[in-house]
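K.L.:
Take a look at this one; I'll ask things after.
The values are calculated or read from the model by the stated rules, or taken from the named source; none is laboratory data. Owing to the predicted nature of the structure, the values given are computational and were not obtained by experimental measurement. All Cβ positions, even for glycine, are placed from backbone atoms using ideal geometry, and neighbour counts span all protein chains on display.
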Amino acid sequence: MAISQTEIPPYELSDVPDVKALPFHERARLIGRMWASQQNATPFSVIVMYWLKYLLLFAGGWAFFNTFSSTYTSLLDVGSWAFTPVAFQKALVWAMFYECLGLGCSSGPMNARFWPPIGGLLHFLRPGTTKLALYPKLPVLGGSTRSVFDVVLYSVHMLFLLRALLSPAITPDLLVPTCIILPILGVADKTIFLAARSEHYLIGIICMAGAFAGGVWIAACQILWCCIWFWAATSKLNHHFPSVIMVMMNNGPFFPAFLKNRLFVNYPDDLRPSKFATFMAHLGTATEYAIPFILLLSDSTALTGGMLFVAFGFHGFIALNNPSGMPIEWNILMVYGAIFLFGFNPEVSVLSVAEVPWLAALMFCSLILLPLYGNFVPSRVSFLLSMRYYAGNWAYNIWFFRGDSAKKINKLKKAAGTMREQLEGMIDDPLAVETVMMSTPAIRLAHLQGKALFDAIPHAMDNVDEYEWMEGEIVAGLALGWNFGDGHLNETRLLEVIQEQCGFEEGELRVVMVESQPLFGRAMHWKAVDAVTGVLAEGDALIEKMRKEQPWPTGDSARPFIDAVARKSAG
């Protein structure tokens, strides 16, 4: 079947082989148009499943553990206990426990976890699974696979959290063990440290554990919440965020269908973010900046209440539109925390943190200096620790497996198969599976950051059509048990660890690694790596050039792909 240069791909499964047979630059164009043409990207059953998870598991679990609190009365009298100090303290502890179990942001089909739907404890409690030690050669805590000691350390960490959740009140002796054990766990496996959302939950727990004596833990948590909003807004001071809005709204199940085409410059021919999408991005950034400043500076009950309503709408809007990674529980906690910290404790002064100098110094280093450094030197700091949340400017990696070499990943000890294997176990129609797999690049290339691949891919392999595309996040999810957008988890070190265990031959596995754009920088650095021979090439993709690109290579960007097809035909 001949596919014209102007038509939008049909949805019939019978057309899939024809689309798949096209060279990459043409296939990407058709897949990109098909992605842009969708009206309801996420099945309603999946949306219901996630919302039941938020209500029954996350909110319900928090309510259950509050029944052990001394302030608890009854479920029907939720207003009398839900915004007490112990309820807030248990919310932070529960959020960390929940994420460390694997129930949070890296779970479910929206994160390529079809069955089983979680990683987390299925990896962290299993000796022999892959880990990323901070210092691989360190005795006891080092290595590349999980030891019995690692499993015991994780178990002890979880038991201490559970002890706090089951207690009638949260006291420092219940929290101090977490403040000690989690950093040690982070040395043994940085995956668990990040999965625990340490930049938020651990800092909050340290504030609660260390500030009881000074009575300033609420003020410390107010600062923590405001720093999260501030740095999240700062990370959006770039050209990436409009494409994030474009992608999220186009995938959003509740975003009006009649507005979706307006997200693009000229649907379906020019699928860059429109002025409408850009305006929404700027409005979101301004709102995220306004929330912390007004909450900190306002002495008006009405103004504080109004800004809490804005914060509720801001995070609720994100939650309703199915953001990548589905960090909905985190958004729920941000809203709940804002109401408790600023709505129920307006008399607290953040300046009181100075009464505990060591805590003030720790917060300055972790909430000011570290994010500042991470924004300007993103290659050295996780985007989570830098608080660069959902801005579209992330480090990422694409793993390319030649032929069926991806099957070698099964040499790893893990809880689930590859995305293809999971889908094949659930869907009988091979063409339906191929449709999902073939569409995977569409969202990556729709983001501005994805355009760096047009420069890098030709340096990674002679013909990309001989390779299967696999997102580094998906590789990290199946190998490490957790994934949430941190490209540093699935770059060089993970490649080395997987190569040790799987033994790919030269040319079988190539990885394109793209680093974040530094704040106010002009480019994204990339490198192409072979699993055996190492770095093949590296360079910089200029942001201005990327902004002119469609979600498929055109013009000079398409030339290397066209030449590759010509070489293959000539050969």
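K.L.:
When you check Leu52 against the structure, is it loosely packed, with under 15 Cβ neighbours inside 10 Å and not in a loop (DSSP other than H, G, I, E, B), yes or no?
P.N.:
Answer is yes for this residue.
K.L.:
While we're here: Looking for something part of a helix (DSSP H, G or I), more than 30 Å from Gly555 (Cα to Cα), at pLDDT below 95 and touching an Asp or Glu at 6+ places or on another chain (Cβ under 9 Å) - is there at least one such residue anywhere in region 432-450? Steps first, answer last, please.
P.N.:
As a first pass, look at region 432-450 and keep what is part of a helix (DSSP H, G or I): 432-446, 448-450.
Subsequent filtering for residues that are more than 30 Å from Gly555 (Cα to Cα) retains 432-433.
Cutting the leftovers down to at pLDDT below 95 gives us 432-433.
Add one more test, that the residue is touching an Asp or Glu at 6+ places or on another chain (Cβ under 9 Å), and what stays is 433.
Yes, some residue in region 432-450 is part of a helix (DSSP H, G or I), more than 30 Å from Gly555 (Cα to Cα), at pLDDT below 95 and touching an Asp or Glu at 6+ places or on another chain (Cβ under 9 Å).
K.L.:
Follow-up. Looking at (1) surrounded by fewer than 18 Cβ atoms within 10 Å (Cβ to Cβ); (2) in a helix (DSSP H, G or I); (3) out of contact with any strand residue (DSSP E or B) (no Cβ under 6 Å at 6 or more places or on another chain), which is the only condition His459 fails?
P.N.:
Only one criterion in (1) surrounded by fewer than 18 Cβ atoms within 10 Å (Cβ to Cβ); (2) in a helix (DSSP H, G or I); (3) out of contact with any strand residue (DSSP E or B) (no Cβ under 6 Å at 6 or more places or on another chain) is unmet by His459, namely (3).
K.L.:
Only residues that are of a type in the set (Asp, Glu) and assigned by TED's automatic domain parsing to the domain that holds Asn238: list them for region 351-404, please.
P.N.:
As a first pass, look at region 351-404 and keep what is of a type in the set (Asp, Glu): 355, 404.
Within region 351-404, Glu355 is the sole residue that qualifies.
K.L.:
Considering only region 523-546, how many residues are buried (at least 20 other Cβ atoms within 10 Å of the Cβ) and either farther than 20 Å from Leu494 by Cβ or of a type in the set (A, V, I, L, M) (or both)?
P.N.:
Qualifying residue count, region 523-546: 7.
K.L.:
Right, here's the next one. Looking at (1) over 17 Å from Asn322 (Cα atoms); (2) touching a Leu at 6+ places or on another chain (Cβ under 6 Å), which one does Leu56 not meet, given that it meets all the others?
P.N.:
Going through the list (1) over 17 Å from Asn322 (Cα atoms); (2) touching a Leu at 6+ places or on another chain (Cβ under 6 Å), Leu56 breaks only (2).
K.L.:
Filter region 76-109 for residues that are at pLDDT below 90, surrounded by fewer than 21 Cβ atoms within 10 Å (Cβ to Cβ) and in contact with a helix residue (DSSP H, G or I) (Cβ under 7 Å, 6 or more places away or on another chain) and give the result.
P.N.:
Hits for region 76-109 are Gly108, Pro109.
K.L.:
Under the condition of being under 20 Å from Arg420 (Cα atoms) and of a type in the set (A, V, I, L, M), which residue from region 471-494 is surrounded by the fewest Cβ atoms within 10 Å (Cβ to Cβ)?
P.N.:
Here the answer is Ile474.
K.L.:
Has region 483-503 got any residue that is over 30 Å from Ser198 (Cβ atoms), in contact (Cβ under 8 Å) with a residue 12 or more places away in the chain and either touching an Asp or Glu at 6+ places or on another chain (Cβ under 6 Å) or of a type in the set (D, E, K, R) (or both)?
P.N.:
No.
K.L.:
Another one. Please indicate, with yes or no, whether at least one residue in region 149-171 is assigned to a loop (DSSP other than H, G, I, E, B), under 24 Å from Gly119 (Cα atoms) and of a type in the set (Lys, Arg).
P.N.:
no
K.L.:
Taking region 121-134 only, how many residues are surrounded by fewer than 16 Cβ atoms within 10 Å (Cβ to Cβ) and either modelled with pLDDT under 95 or among the hydrophobic types (A, V, I, L, M, F, W, C) (or both)?
P.N.:
1
K.L.:
From Glu496, Glu505, Glu515, which residue is at pLDDT 95 or above, more than 25 Å from the chain's Cα centre (by Cα) and of a type outside the set (Ser, Thr, Tyr)? Spell out the reasoning first.
P.N.:
On the way: Glu496 fails: more than 25 Å from the chain's Cα centre (by Cα); Glu515 fails: more than 25 Å from the chain's Cα centre (by Cα).
Being at pLDDT 95 or above, more than 25 Å from the chain's Cα centre (by Cα) and of a type outside the set (Ser, Thr, Tyr) holds for just one of Glu496, Glu505, Glu515, which is Glu505.
K.L.:
Only one of these is assigned to a strand (DSSP E or B) and either under 20 Å from Ile443 (Cβ atoms) or β-branched (Val, Ile, Thr) (or both): Val497, Val535, Val475. Name it.
P.N.:
Val535
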